[in-house]
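Shown next, in structure tokens, is the structure this report addresses.
The values are calculated or read from the model by the stated rules, or taken from the named source; none is laboratory data. If you're wondering where the values come from, they're calculated on a predicted model, not measured in any experiment. So basically every Cβ, Gly included, is an ideal-geometry build from the backbone, and we count neighbours across all protein chains shown.
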Amino acid sequence: MHEREWPEEGELVVCTVSDVKDFAAFVSLDEYNGRRGLIPISEIARGWIKHIRDYVREGQKVVCKVLNVDPDRGHIDLSLKDVNEHQRREKIHEWKNEQKAAKWIGFAAEAAGVDRGIIEEAIYREYGQLYPAFEEIVGTGGEAAERLNLDEPVKRALITIANENVKVPRVTISGYLILSTPRPDGVNVIRRALRSAQPKMDNVDIDLVYIGAPKYRIKVTAPDYKEAEKAIEKAANAAIGVVERAGGAGKFIRKQKTG
């Protein structure tokens, strides 16, 4: 199922080549219930084409750009040459993810005892695609499911299935905090500093490990490097601030990025 019955001009679509003629290739659009499209020979490849079958063959999966759509006549004109390799890989990846998400919706519908169309409609309305909903459900700890206008059993099923199947990319960065204070109650100052170095941040994990006074290792795991860098800077500044306000000194040493 797709949220729209017809593709839009300029859209990239996954197709299966069904018939190859001397003048064109006929395809079915996988994401639009097999609607037929045509790739004229002039849109197969750049430059002169001697044998069209050197470029396309029956049964082949191709990614095409939509040039023109005429629903009244049932015509969809496509271009193969206007899609570069990066676009092709990205589209195939997206298409495969959508196929997986469609299966997961079937599982959720069965588990909750509802029609799958109800779930698909709610997700399409919110996200426009299926797979991003599952990614966000995992990334928000299930909160994204609450935004969907669905019954509680369906939401619980979606959260369970998302957590079982989606692996949200995470990165880890680390560094060292050097904290010292001349005060007699310095131990308590350091403790307060380390507590302040663990602020609550969504989807971010902060770990502190004692290496040996005055050195502490700080490790941050987040969805991406931007969030990780933001978190480790916030944590380090908070700890250093506590120590400096108590008359001590603090320094943060950044370690090389990992994983």
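What the table shows:
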| read-out | value |
| --- | --- |
| Filtered residues of segment 12-38 (kept if touching a Gly at 6+ places or on another chain (Cβ under 8 Å), aliphatic (A, V, I, L, M) and crowded, with 21+ Cβ neighbours inside 10 Å) | 13, 27, 29 |
| Residue list for segment 207-259, filter: under 10 Å from residue 173 (Cα atoms) and either part of a strand (DSSP E or B) or touching an Asp or Glu at 6+ places or on another chain (Cβ under 6 Å) (or both) | 218, 219, 220, 221, 222, 254, 258 |
| Qualifying residue in segment 62-82 (condition: over 18 Å from residue 32 (Cα atoms) and either of a type outside the set (Lys, Arg) or buried (at least 18 other Cβ atoms within 10 Å of the Cβ) (or both)) | yes |
| Odd one out for residue 51, checked against (1) touching a Lys or Arg at 6+ places or on another chain (Cβ under 8 Å); (2) in the same structural domain as residue 38 (by TED's automatic domain parsing); (3) on the phi < 0 side of the Ramachandran plot | (1) |
| Subset tally (residues that are assigned to a loop (DSSP other than H, G, I, E, B), farther than 20 Å from residue 127 by Cβ and not acidic (Asp, Glu)) for segment 11-32 | 2 |
| Residues located in segment 1-28, provided they are in contact with a Phe, Trp or Tyr (Cβ under 9 Å, 6 or more places away or on another chain) and modelled with pLDDT of 95 or more | 13, 14, 17, 18, 19, 20, 25 |
| Any chance residue 158 is at pLDDT 85 or above and either assigned by TED's automatic domain parsing to the domain that holds residue 137 or of a type in the set (Val, Ile, Thr) (or both) | yes |
| Residue check, residue 187 surrounded by 15 or more Cβ atoms within 10 Å (Cβ to Cβ) and not in a strand (DSSP E or B) | no |
| Subset of segment 39-61 that is assigned to a strand (DSSP E or B) and surrounded by fewer than 18 Cβ atoms within 10 Å (Cβ to Cβ) - its residue that is farthest from the chain's Cα centre (by Cα) | 40 |
